[in-house]
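Below you'll find the structure, written out as structure tokens, and then a few comments.
The values are calculated or read from the model by the stated rules, or taken from the named source; none is laboratory data. It should be emphasised that the depicted structure is a prediction, and the values quoted were computed from it without experimental measurement. A quick note on method: Cβ atoms are made from the backbone with ideal geometry, for glycine too, and the neighbour counts reach across all protein chains shown.
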Amino acid sequence: MAIKQLSVFVENKQGSLHDITDALAKANIDLRSMCVADTSNYGIVRIIANDPDKAKELLDKDGHAANVRLVNAFAVPDQPGGLAKVLSLLEGHGVNIDYMYALITSEEGKAYSVMRTGNTEETDKILIENGIELLDESKLH
Amino acid sequence: MGNRKYFNEAIETMPVEEIKKLQSEKLVKQVAHVYNNVPYYRDLMDKKGVKPEDIHGIEDLYKLPFIEKSDLRESYPNGMLAVPLADCVRIQSTSGTTGKRVIAYYTQHDIDLWEECCARALVAVGADREDVVQVSYGYGLFTGGPGLNGGSHKVGCLTLPMSSGNTERQLQFMMDMQATVLCCTPSYAAYLGESLKEQGYTPDQIPLKAGIFGAEPWTQEMRRNIEQTLGIKAYDIYGLTEISGPGVAFECSAQGGMHINEDHFLAEIINPETGEPLPEGAKGELVFTCLDKEAFPVLRYRTRDICVLNREPCSCGRTHVRMAKPMGRSDDMMIIRGVNVFPSQIEAVLLAEGFSENYQIKLGRVNNSDTFDVYVELKPEQFDDSVKNITAMEKSLANAMRNMIGIGPAVHLVPPKTIARSEGKAKRVVDERNLHD
Ligand SMILES: [Zn+2]
């Protein structure tokens, strides 16, 4: 199943990341994973959290540019070639990957990843049809 | 609306050569009047080494010193007065938001001259004796209300001296008195239009036929909106208290620039950097010289408005030169890679493209070449998690700006509330070129 991801448009400068995480911590929002993409002018912070909608609402109030969208999350065996298999599968289906990052989990023997592709729904279908284990949003809470 | 085409046909359609001859005759007299009666001017002219006898016609205009707003402020309250106070019948004043006000004095002759300019403006939009003119400009020291009020009297229209504000009463009088011409600021016209719409009036139920809107900058988009909501033709008018008031220039049925009342006001375009006169048709700072005022005649007054004059024949038959809507203020003008750029042009693009007006222009210099960067705050709802879209928005904004001003900046979208503000407003221009070292 696709899961919700929060992303925030931030300044590329010291402290902007802390401002965001601090605000979310104060509201008791639990961050499960985070990734920062940066250019010379700005950064995009992408967060998997237990309550992305509440987090967005909070950030909206503070005047931040925040967005919640669905991304694909899946698990592969934590061994060489585990991820490569999924990537070649998607490539074979012509799926374009915009970005991808790892999700921190405590489950042994598995590696979880999050990715945004050109078509989230289609990607989910391909993963399911090929027996790739998807991460359920309920596992995050 | 009547069939009358001009308020003063002989003057308004006078052949250009005759207008110039008339201007020359008047200028010689006006300069002598000012030199003989205003010590401030006499000093300025003496310092520049020019005497009234050096001025033989408009070709000698460039010899005269410029007058700046600061000169008029310094002479507060009546240092520029050119007639005995007893000959004056009225004062008007600028708002004086920064520093001292400018007080303009009028003799009866000056009032008549000004009101005729407004009468010409009203006839140009189709007003005649049968019309009902609602004047919703402020009355008082501000020239808007008194100017159009006087002009409306001169045309013989029924005049509704509403002044500004009290929207409910404005709408009631508009309907009950069947007003056909509305005179006010464009923003107030838009507001009245919205109020009528809210009350359920459709444009064909509104009696107005035309509107004269000025005293603040407005866009073609605002013009279209006002024309649609009120079901009218919306016309521009230009004026300054320092010169007389509204009606220095006015738009005709062609809606293609404002005819300057050249029998009273001589217009020039100069290079705002050097003060050097530019040929007709060039873009530069607009400078006005009064030609036949008694109490408060100013010569070569620098308006700081940047615009272009157009001498091409107009379909309305008027021969007086037309000025384009001012495109910016010379105080704000930047010269980037040799091109004149105004913050107002950047703002217009942002508005048209649906972006926030919180932006900052940064100018720098690398290898003797100007760098031109525009930082724009992204609106929260414009963010969709995609770098690709941000890059695409930056590119399309840069293209739109290049189309507007001729050179393309590098556009950078930045998060909301990140551009430094002073007194609530973002600082518009940061020039780090050190051009004056
Ligand atoms: Zn015309």
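Yes/no per residue for (1) touching a strand residue (DSSP E or B) at 6+ places or on another chain (Cβ under 8 Å); (2) away from the ligand (no atom under 16 Å from the Cβ); (3) farther than 14 Å from B:Leu160 by Cβ; (4) within 14 Å of chain A (Cβ to nearest Cβ):
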position	(1), (2), (3), (4)
B:Ile103	yes, yes, yes, no
B:Thr107	no, yes, yes, no
B:Ile111	yes, yes, yes, no
B:Ala124	yes, no, yes, no
B:Ala127	yes, no, no, no
B:Val132	yes, yes, no, no
B:Gly140	no, yes, yes, no
B:Gly145	yes, yes, no, no
- If you go through the range B:258-274 one residue at a time, do you hit one that is within 16 Å of the ligand (Cβ to nearest atom), assigned by TED's automatic domain parsing to the domain that holds B:Leu27 and free of Cβ contacts under 8 Å to residues at least 60 places away in the same chain? yes
- Query: List pairs: first in the range B:300-324 and free of Cβ contacts under 8 Å to residues at least 12 places away in the same chain and away from chain A (no Cβ under 14 Å), second assigned to a strand (DSSP E or B) and within 12 Å of the ligand (Cβ to nearest atom), Cβ under 9 Å, 6+ apart or cross-chain?
  - Reply: B:Glu312/B:Arg322
- Would you be able to say whether some residue in the range A:72-87 is of a type outside the set (D, E, K, R), under 15 Å from B:Asp385 (Cα atoms) and surrounded by 15 or more Cβ atoms within 10 Å (Cβ to Cβ)? yes
- Query: Which of the residues spanning the range B:394-413 are modelled with pLDDT of 90 or more and touching a strand residue (DSSP E or B) at 6+ places or on another chain (Cβ under 6 Å)?
  - Reply: B:Glu394, B:Leu397, B:Ala398, B:Ile407, B:Pro409, B:Ala410, B:Val411, B:His412, B:Leu413
- Among what's in the range B:225-251 and is part of a strand (DSSP E or B) and among the aliphatic types (A, V, I, L, M), pick the residue that is nearest to the ligand (Cβ to nearest atom). B:Ala249
- Subset of the range B:414-424 (residues that are more than 7 Å from chain A (Cβ to nearest Cβ) and modelled with pLDDT of 85 or more): B:Ile419
- Given (1) crowded, with 23+ Cβ neighbours inside 10 Å; (2) under 25 Å from B:Ile335 (Cα atoms), where does B:Gly281 come up short, assuming only one miss? (1)
- Message: Looking at B:Lys233 and the list (1) farther than 15 Å from B:Val287 by Cα; (2) free of Cβ contacts under 8 Å to residues at least 24 places away in the same chain, which single condition is not satisfied?
- Response: (2)
- Message: Within the range B:123-221, considering only helices (runs of 4 or more DSSP H) that don't extend past its boundaries, which have at least 3 residues that are touching a Gly at 6+ places or on another chain (Cβ under 7 Å) and closer than 28 Å to B:Asp112 by Cα?
- Response: B:144-155
- Note on the structure: (1) within 17 Å of the chain's Cα centre (by Cα); (2) surrounded by 15 or more Cβ atoms within 10 Å (Cβ to Cβ); (3) free of Cβ contacts under 8 Å to residues at least 60 places away in the same chain all hold for B:Ile226 apart from (1)
- Item | Checklist (1) modelled with pLDDT of 95 or more; (2) under 20 Å from B:Ile336 (Cβ atoms) applied to B:Leu350, failing item | (1)
- Task: Answer yes or no as to whether A:Ile104 is in contact (Cβ under 8 Å) with a residue 60 or more places away in the chain and assigned by TED's automatic domain parsing to the domain that holds A:Val10.
- Result: no
- Message: Are there helices (runs of 4 or more DSSP H) fully within the range A:1-101 with at least 3 residues that are within 12 Å of chain B (Cβ to nearest Cβ) and over 13 Å from the mean Cα position of the chain (by Cα)? List them.
- Response: A:16-26, A:52-61
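Matching residues to (1) more than 14 Å from chain A (Cβ to nearest Cβ); (2) surrounded by fewer than 16 Cβ atoms within 10 Å (Cβ to Cβ):
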site	(1), (2)
B:Glu357	yes, yes
B:Leu363	yes, no
B:Phe372	yes, no
B:Tyr375	no, no
B:Leu378	no, no
B:Phe383	no, no
B:Lys388	no, yes
B:Ala392	no, yes
B:Asn399	yes, yes
